[in-house]
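Below: one structure, written as structure tokens.
The values are calculated or read from the model by the stated rules, or taken from the named source; none is laboratory data. Every value quoted in this text rests on a predicted model; they were computed, and no experiment measured them. Positions of Cβ are backbone-derived with ideal geometry, glycine not excepted, and every protein chain shown enters the neighbour counts.
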Amino acid sequence: MVEIGKLLTEGKGKRVYATNDPDTAVVYYKDEAMAFHGLKRGRILGKGEVNNAITAHLLQMLGQHGIKTHFIEQIDARQSLVKRCKMIPLSVKVRNRVAGSLSKRIGFATGTKLDTPVVEFELRDEYLDNPLINGTHIQAMHLATNQETRFMVDTAMKVNEILSDYMADIGVELVDIKMEFGRFDGEILLADEISPDTARFWDARTHEPMDIDRFRRDLGNVEQAYQDLLHRMMGDN
């Protein structure tokens, strides 16, 4: 039986707790929402349960496709048991369409379909405003080796391909996705979450967002969009 211990870390949408097993942790998904580096805060009712369910579903599916992840099992509606990784302080974002900050940086209109996916690294440092960095930064800062960096890029691209195909089958387009990785027992695992908080999902027909952008941009029906995405994944629609 899992015994939940001390709080290890808390972020925008999750708390991570130690357990009675030093190799595992419990992730608790919250309803709180945050945007624009904390300038906008709110609550999306039921978001924690949806994100826990979606993450569990997608990480298990990715595991079946040969992607090694930190996921072990879903404990209840808001909690999952995971391998306790030492997180690499990087986010790897794969973009299939122009959205968010990319439009301002490259001058393409929001929604432009990219001919090839764009991969970007962010340094996970709130004090530095999570800046974009490249492979040479990663080497100079000793965050990961060349081989590890290549592995993260290759894995992120494979995840993007698998999830894009899966989403297309349920009438959803994966616009972009942010992934994190951690080290565990000599391996690098896909960790953290895959949810409407960490990826942009658009309805394939209307291009309406089904993710945290509805909260960021005051589009309304945020809770419903999260629920609709979960229902499509579970075959309820």
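Any residue at all in segment 134-143 that's within 25 Å of residue 12 (Cβ to Cβ), at pLDDT 95 or above, more than 21 Å from the chain's Cα centre (by Cα) and loosely packed, with under 14 Cβ neighbours inside 10 Å?
Yes; the residues of segment 134-143 include at least one that is within 25 Å of residue 12 (Cβ to Cβ), at pLDDT 95 or above, more than 21 Å from the chain's Cα centre (by Cα) and loosely packed, with under 14 Cβ neighbours inside 10 Å.
Might you check whether a residue that is small (Gly, Ala, Ser), under 14 Å from residue 190 (Cα atoms) and in the same structural domain as residue 206 (by TED's automatic domain parsing) occurs anywhere in segment 130-147?
Within segment 130-147, none of the residues are small (Gly, Ala, Ser), under 14 Å from residue 190 (Cα atoms) and in the same structural domain as residue 206 (by TED's automatic domain parsing).
Suppose we filter segment 144-162 for residues that are out of contact with any strand residue (DSSP E or B) (no Cβ under 6 Å at 6 or more places or on another chain) and of a type in the set (A, V, I, L, M); how many remain?
4
Is it the case, given these coordinates, that residue 136 is among the hydroxyl-bearing types (Ser, Thr, Tyr), out of contact with any helix residue (DSSP H, G or I) (no Cβ under 8 Å at 6 or more places or on another chain) and assigned to a helix (DSSP H, G or I)?
Judged against the criteria, residue 136 is a match.
Condition check: under 21 Å from residue 230 (Cα atoms), touching a strand residue (DSSP E or B) at 6+ places or on another chain (Cβ under 9 Å) and either touching a residue at least 24 places away in the same chain (Cβ under 8 Å) or surrounded by 13 or more Cβ atoms within 10 Å (Cβ to Cβ) (or both). Does residue 59 satisfy that? If you could, list the steps in order and put the result at the bottom.
Values: under 21 Å from residue 230 (Cα atoms): yes; touching a strand residue (DSSP E or B) at 6+ places or on another chain (Cβ under 9 Å): yes; either touching a residue at least 24 places away in the same chain (Cβ under 8 Å) or surrounded by 13 or more Cβ atoms within 10 Å (Cβ to Cβ) (or both): yes.
Here the answer is yes, as residue 59 does meet what is asked.
For segment 18-27, check the following and say yes or no: at least one residue is part of a strand (DSSP E or B) and modelled with pLDDT under 95.
No.
Looking only at strands (runs of 3 or more DSSP E) that lie completely in segment 166-206, which have at least 3 residues being under 12 Å from the mean Cα position of the chain (by Cα)?
Where strands (runs of 3 or more DSSP E) fall fully within segment 166-206 and carry at least 3 residues being under 12 Å from the mean Cα position of the chain (by Cα), they are 172-184, 199-203.
Could you say whether any residue in segment 180-200 is over 26 Å from residue 25 (Cα atoms) and at pLDDT 95 or above?
Yes: one or more hits.
Before we move on, is residue 230 outside any loop (DSSP other than H, G, I, E, B) and in contact with a helix residue (DSSP H, G or I) (Cβ under 6 Å, 6 or more places away or on another chain)? First the steps, then the outcome.
Numbers: outside any loop (DSSP other than H, G, I, E, B): yes; in contact with a helix residue (DSSP H, G or I) (Cβ under 6 Å, 6 or more places away or on another chain): yes.
Spelling it out, residue 230 is indeed outside any loop (DSSP other than H, G, I, E, B) and in contact with a helix residue (DSSP H, G or I) (Cβ under 6 Å, 6 or more places away or on another chain).
Working carefully through the options 195, 164, find the one that is touching a Ser or Thr at 6+ places or on another chain (Cβ under 6 Å) and either touching a residue at least 40 places away in the same chain (Cβ under 8 Å) or exposed (fewer than 15 other Cβ atoms within 10 Å of the Cβ) (or both).
The match here is 195.
Please state which of the following conditions residue 210 fails to meet, knowing it meets all the rest: (1) farther than 20 Å from residue 67 by Cα; (2) among the hydrophobic types (A, V, I, L, M, F, W, C); (3) exposed (fewer than 13 other Cβ atoms within 10 Å of the Cβ).
(3)
Given the structure, is residue 170 among the β-branched types (Val, Ile, Thr), under 19 Å from residue 82 (Cα atoms) and out of contact with any Phe, Trp or Tyr (no Cβ under 7 Å at 6 or more places or on another chain)?
Working: among the β-branched types (Val, Ile, Thr): yes; under 19 Å from residue 82 (Cα atoms): no; out of contact with any Phe, Trp or Tyr (no Cβ under 7 Å at 6 or more places or on another chain): yes.
Considered against the rule, which asks whether it is among the β-branched types (Val, Ile, Thr), under 19 Å from residue 82 (Cα atoms) and out of contact with any Phe, Trp or Tyr (no Cβ under 7 Å at 6 or more places or on another chain), residue 170 comes out as no.
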